[in-house]
There are 2 protein chains.
Amino acid sequence: MEKTSMNLDCLFEPRSVAVIGASNSIMKWGYIILANIITGGYKGRIYPINPREKSIQGLRAYPDVKDVPDEIDLAMIITPAKTIPEVMKKCASMGVKAAIVVPGGFSEEGSAGRGLEEQIAKIAGEGNIRLVGPNTMGIFSSGSSLCALMPPVRPSAGAISLVAQSGNLGTQLLGLGQAQGIGFSKFVSSGNEAVLFCEDYIDYFGNDSQTGVILAYIEGLDHGRKFLDIAKDTTRKKPIIVFKGGQTKAGSKAVQSHCGAMAGTEVIYNAAFKQAGAVRASTPDEMLDMGKAFARLPLPRGKRVGILTWGGGWGVVTADACEKAGLEIPDLPPATLRAVDEVLPPYWSRGNPIDLVGTLDRGPHLKCLEALVRSENIDAVIALGVVEASSAFGSFIGELSDSTAGMEFFVKEFEKTDREFEKNIIGLINEYGKPIIGVTMGEVINRYPEDHSRPVIYSAPHRAVGVLAKMVEYSNYLKSIEAG
Amino acid sequence: MEKTSMNLDCLFEPRSVAVIGASNSIMKWGYIILANIITGGYKGRIYPINPREKSIQGLRAYPDVKDVPDEIDLAMIITPAKTIPEVMKKCASMGVKAAIVVPGGFSEEGSAGRGLEEQIAKIAGEGNIRLVGPNTMGIFSSGSSLCALMPPVRPSAGAISLVAQSGNLGTQLLGLGQAQGIGFSKFVSSGNEAVLFCEDYIDYFGNDSQTGVILAYIEGLDHGRKFLDIAKDTTRKKPIIVFKGGQTKAGSKAVQSHCGAMAGTEVIYNAAFKQAGAVRASTPDEMLDMGKAFARLPLPRGKRVGILTWGGGWGVVTADACEKAGLEIPDLPPATLRAVDEVLPPYWSRGNPIDLVGTLDRGPHLKCLEALVRSENIDAVIALGVVEASSAFGSFIGELSDSTAGMEFFVKEFEKTDREFEKNIIGLINEYGKPIIGVTMGEVINRYPEDHSRPVIYSAPHRAVGVLAKMVEYSNYLKSIEAG
């Protein structure tokens, strides 16, 4: 493939941002977006543009972009659709390098809007402006602490970059990630894609050292061949996780009515994603689950899963889910059985899943986990209940305790035990180079915001299994291209 | 079918409970279970039994069950397996009506344990004792505020009753329900089922006026024919939602090793559940999602879904999920289009999904929702983003506001608007007799514990769609048996 990668640093790492259509009126997007940029902690210089204000949200305002006494890397444009060609011309004459056109009123509204969209695309082309949108909810970039977004999400920094052909779905994923402590490097709501297309962002993320995993919500691709080439090139370096909207007749119809684009034939997309080595998520939420694991865990070398469980039923459900997802639950070799024999009561199940049969002591938990991870028959481990186990038990004992002091003592002691256990999990992952995925009891996980030094934990077995199956798929893809 | 229903009131509504093996030592199950019963607020009389203590956790203790100067409805037995035949004999001689045998060490551990289990079953039979277990995590009953459980869950009261052939999975579901505000009427961890079987509890729940929906986690059935008869009879009155563990070779093997039971052939179970009109959940968590909706919403009369969405991409994903699940997204009739024309801008999509195109005003949201619900083409509505919409926006504006007072004002105002909107949703459901299911943006829902006067809300479209498809399935089943 010929290298045609576009440099989008001016968009994601701008030294200055002009907010054209900034406002002091709290119910307007011109207020909300500027406030998001300011309170998001953007590191560069901000220039609110509004002909009727001297100062906006405490910053000096300029009547026109032409009045700004500085180079402008990025213009965030929030004025009505019909004014935008004129605004873009001024931006071009000022040497603005990138623009985000927020408003709708373009091709998604039919032929009149389409003409307007072609007009701004032409101006952007002539002025060499990297244009996002129109009809976009904006971008996020952790490197610049830039929240140039309509909704109030404040993602934490991480290795995931996301391009979404739906602003509402994309920003919801950012919000979900924020709630679950999943960090992002960059985000873009690609809008109507008048100039910059989904594949341009993927190409940029592929070459971006801050991005470890790429997520893409795709409704339709205008340049299938180019996407395929870029995706193929990118998946050799890092995983692309795709969710495709418009998979059915009803869904395609909905795509067409909301963004004017045609959703493509599902069969063609399936083939293309497969050929490119892109991994498919089955729901938008699952993209996040997958992003978290791909960003933080080594890939499994095969599909043989060892299960460690704090309860029998849980092991059953997980074994079922693994087999259904094409994973294997192999028997354990004699050395592994012997290692577990040493720490569990004699009536333990002597099989895979390893059932901890109610053992409360954390020592045996860790020894069983290590026996599984080091086993020659095992490529990946799912650990059910042993993560957060002490905390769950501690807060329980604490609740039963008479005094508040007693309660606090128990909770703290048990939390300390859990954090130590987690460090040991990370140690085992690093030592053996195999992924270990934890599953907590229910919603316990929400009490502790995640950070990247902690293990990958999900709230239900089927989430862990779904992610692991996709890691095996990607691992196999990489092997197949290495084999040529 | 001949009526053979067993009265289990002595188990779920006992006037007195003896805790045999109660303890003052905080790390013992004899302590934890008694503490659960006390702090759970049990309304009856409690008698701790322990030969070495005069008083346990502030209650007078008795050396032996024979020393209790009262009738005992229920004995909770926590002493070691080998002591239990003797304990059961004493219980029988004292006229104890029901017993929960917590410890393991019976048939799940092979032939020696099997003999012990047959022994206690025989004693229970001769003494006419309703025996739960052995190897059980206990029961919950909201009517008596009885948390006779090993783990510290405190379910709120509700219309769902759950029988689980895995204590850890069952009590996890209780915990998840607690976190999500989903209320339970009764729960039983059925253990090894030496005397009382899964189908006995279902039969009892079927005739229980406090139970509106029955959930069952099933790994294997010893009396398939009896289960089928009872389930068929019950599903005419109320829904049974089943999750089957041991669906695969790996899962069945895990079942066998943790409870000694054989998981049956998947094909036979599938046929039986279908014939009985039981609804299958695809994950244990989905049982809760379904329980919530079945307990609180009218059944849809058909499969035609109207979608109202706050964003285009979300509508796409939901339409896709509906079609994949066998639901229909019909066109809207002229009257419905006209009603929406009156409240949305002229460029609205004029189709199903109805895209609110970013309209912030709650008035049009409600009018569009009513237009959908009253439409002759629509059997059920999924409302994306309009629930909790004001609160999400309010807390956002609040965050951007300069003063804490300003923030609190916004948050409160918007929350009030949401609660009013929810009342209107409940009003529409009651007026038109059609289900409306809400989907929030991300994790917003967790900020407000649910109660039964509020609409049914999920955190993601695929959860709402999965549940709705099962409601249509059950509705069709009821129609088919009515038609004979």
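The values are calculated or read from the model by the stated rules, or taken from the named source; none is laboratory data. Nothing here was measured: the structure is a model prediction, and the numbers come from that model. Cβ sites come from the backbone with ideal geometry, for glycine too, and all protein chains shown count toward neighbours. For the accessible areas, the whole protein counts, side chains as well, though only heavy atoms, and no ligand, DNA or RNA atoms are used. Shrake-Rupley method; radii C 1.70, N 1.55, O 1.52, S 1.80 Å.
Under 5 Å between amide H atoms, partner at least 5 residues away or on a different chain: which partners does A:Arg45 have, H built in plane at 1.01 Å?
A:Ser16, A:Val17
Count the DSSP beta bridges whose two residues both fall in chain B, then state the antiparallel fraction as a percent rounded to the nearest 5.
Numbers: 9 of 59 bridges.
Within chain B, antiparallel bridges account for around 15 percent of the total.
Could you state the angle between the C-alpha long axis of helix B:224-235 and the longest principal axis of the C-alpha atoms of chain B, as a value from 0 to 90 degrees rounded to the nearest 10?
Roughly 40 degrees between the two axes.
With each label point set 7 Å from Cα along the Cα-Cβ vector, what nm distance links B:Lys66 and B:Arg374?
With each label point 7 Å from Cα toward Cβ, the separation is 7.5 nm.
At a Förster radius of 41 Å, what calculated FRET efficiency corresponds to the Cβ-Cβ distance of A:Glu413 and B:Ala112, to the nearest 0.05?
Values: r = 38 Å, r/R0 = 0.92.
With a Förster radius of 41 Å, E is 0.60.
Can you give me the solvent accessible area of B:His223 with a 1.4 Å probe, rounded to the nearest 10 Å²?
Only protein atoms counted, so the area is about 80 Å².
Taking the Cβ of B:Leu327 as the center, what net charge do the other residues with Cβ under 15 Å away carry, scoring Lys and Arg +1 and Asp and Glu -1? Spell out each step's value before the answer.
Details: positive: A:Lys249, A:Lys253, B:Arg301, B:Lys303, B:Arg304, B:Lys324, B:Lys434, B:Arg463, B:Lys470; negative: B:Asp320, B:Glu323, B:Glu328, B:Asp331, B:Asp379, B:Glu473.
Computed value for this residue: +3.
Provide, for region A:1-129, the number of lysine pairs with alpha carbons under 19 Å apart, each pair being eight or more places apart or on different chains.
Lysine pairs satisfying the spacing and distance rule in region A:1-129 number 13.
Past 18 Å, Cα to Cα, is the threshold; run A:Lys303/B:Lys249; B:Lys274/B:Lys470; B:Lys303/B:Lys479; A:Lys303/A:Lys367 against it and keep the listed order.
A:Lys303/A:Lys367
Where the only charges are on Cβ atoms (+1 Lys, Arg; -1 Asp, Glu), what is the dipole of region A:100-196 about its Cα centre, to the nearest 20 debye? Could you put the intermediate results ahead of the total?
Details: 5 positive and 6 negative charges, 70 e Å.
For region A:100-196, the charge dipole is close to 340 debye.
Considering only A:Ala295, B:Met94, B:Ala276, whose Cα is most displaced toward the positive end of the charge dipole of the protein assembly as shown, charges sitting on Cβ of Lys, Arg (+1) and Asp, Glu (-1)?
Of the listed residues, the answer is B:Ala276.
Between B:Tyr217 and residues 5 or more places away or on another chain, which pairs have amide H atoms under 5 Å apart, with H built 1.01 Å from N, and which residues are they?
B:Val163, B:Ala164, B:Gln165, B:Phe243
Need one number: % antiparallel among DSSP beta bridges in the protein assembly as shown, to the nearest 5.
In the protein assembly as shown, approximately 15 percent of DSSP beta bridges are antiparallel ones.
Please list, short to long, the whole-number percent of alpha-carbon pairs of the protein assembly as shown in consecutive 20 angstrom bins beginning at zero.
Per 20 Å bin, starting at 0, the Cα pair percentages come out as 13, 42, 33, 11, 1.
If you fit an axis through the alpha-carbon atoms of helix B:461-482 and take the longest principal axis of the Cα set of chain B, what angle between them do you get, 0 to 90°, nearest 10?
For B:461-482 against chain B, the angle is about 70 degrees.
Run lengths n ≥ 4 of DSSP H only: what is the helix-derived mean residue ellipticity at 222 nm for chain B, with -39500 (n - 2.57) per run over all residues, to the nearest 500?
That comes out to -13500 deg cm²/dmol.
From Cα pairs below 8 angstrom and at least 6 apart in sequence, can you work out the relative contact order of chain A, rounded to a whole percent?
Numbers: 993 pairs, mean separation 51.4, N = 484.
It rounds to 11 percent for chain A.
If you put +1 on each Lys and Arg Cβ and -1 on each Asp and Glu Cβ, how big is the dipole of region B:159-230 around its Cα centre, in Debye rounded to 20? Write out the running numbers ahead of the final one.
Working: 3 positive and 8 negative charges, 40 e Å.
Approximately 200 debye in magnitude.
Mind pulling the per residue volume of the convex hull built on the Cα atoms of region A:167-213? Å³ is fine.
66
Against the longest alpha carbon principal axis of chain A, how many degrees, from 0 to 90 and to the nearest 10, is the axis of helix A:284-296 turned?
In chain A, helix A:284-296 runs at an angle near 70 degrees to the longest axis.
In whole angstrom, how far apart do the alpha carbon centroids of region A:48-109 and region B:153-220 sit?
If we compute the Cα centre of each part, the gap is 60 Å.
In vacuum, with every alpha carbon of chain A counted as one equal point scatterer, what does the Debye formula give for log10 I(q)/I(0) at q = 0.07, 0.09 Å⁻¹? Two decimals, please.
-0.44, -0.68
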